[in-house]
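The values are calculated or read from the model by the stated rules, or taken from the named source; none is laboratory data. Every value quoted in this text rests on a predicted model; they were computed, and no experiment measured them. Note that we place each Cβ from the backbone using ideal geometry, even for glycine, and neighbour counts take in every protein chain shown.
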């Protein structure tokens, strides 16, 4: 199986290259940024993309969203040191084929790649348990539906962007952002921008679970 490795840490890349040596998995290319990853995918057309979440020049999440929006069928295994609840649930929502924590036993990565190569899915046991607990917690609440635009708005508020900056990113007026925020406040029962930012991970995780 042809594997493209996207990770900006040379030590991690070297360790994975050594791990996969003399296995059925051949590393056909490497990338250290999000933009480079998209270029290398077109160049090498890998069977599996082994993708770090935190990279400069376009995060792993942005790479995955681009792949899905363009209809590319590359199987994706997320490799990450840490992942928050919102991102975990979005990865499940985007149906990535695998997720492995970098601090896990290296055998987990091989097991994941083997399962994915056969058309299956494999998630790190720790992440599977977290997702189960989140599902139980949110399952007891009254459902709140957020649109993709509202989720994007919450993500930008979480990053600390002001209304003018958010409006520029979303291509709308500052007044429109104020209307969006008012609607989101009412939907989620929050009273301030600070509360929305603090609880953003919770709201986004629940939204991805219900979609």
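Do the conditions hold for residue 64, that is, is it farther than 16 Å from residue 2 by Cα, in contact (Cβ under 8 Å) with a residue 24 or more places away in the chain, within 19 Å of the chain's Cα centre (by Cα) and not assigned by TED's automatic domain parsing to the domain that holds residue 158? Here the answer is yes, as residue 64 does meet what is asked. A count restricted to the stretch 114-132 and to residues that are part of a helix (DSSP H, G or I) and under 13 Å from residue 74 (Cα atoms) stands at 2. Looking at this structure, is residue 165 closer than 21 Å to residue 62 by Cα and over 22 Å from the mean Cα position of the chain (by Cα)? So residue 165 passes the test.
If I filter the stretch 92-105 for residues that are touching a residue at least 60 places away in the same chain (Cβ under 8 Å) and within 9 Å of the chain's Cα centre (by Cα), do I get at least one hit? Yes: the stretch 92-105 contains one or more residues that are touching a residue at least 60 places away in the same chain (Cβ under 8 Å) and within 9 Å of the chain's Cα centre (by Cα).
Taken together, the criteria exclude residue 49 from residues that are modelled with pLDDT under 95, in contact with a strand residue (DSSP E or B) (Cβ under 6 Å, 6 or more places away or on another chain) and outside the structural domain of residue 206 (by TED's automatic domain parsing). Only helices (runs of 4 or more DSSP H) wholly contained in the stretch 133-203 count here; list those with 2 or more residues that are touching a helix residue (DSSP H, G or I) at 6+ places or on another chain (Cβ under 6 Å) and over 23 Å from residue 69 (Cβ atoms). The qualifying helices (runs of 4 or more DSSP H) are 163-170, 174-188, 193-198.
Taken over the stretch 1-14, the criterion of being in contact (Cβ under 8 Å) with a residue 24 or more places away in the chain and more than 15 Å from residue 114 (Cβ to Cβ) is satisfied by 4, 5, 6, 7, 8, 9, 12.
Taking the conditions (1) free of Cβ contacts under 8 Å to residues at least 60 places away in the same chain; (2) not assigned by TED's automatic domain parsing to the domain that holds residue 83 in turn, residue 115 satisfies each one other than (2).
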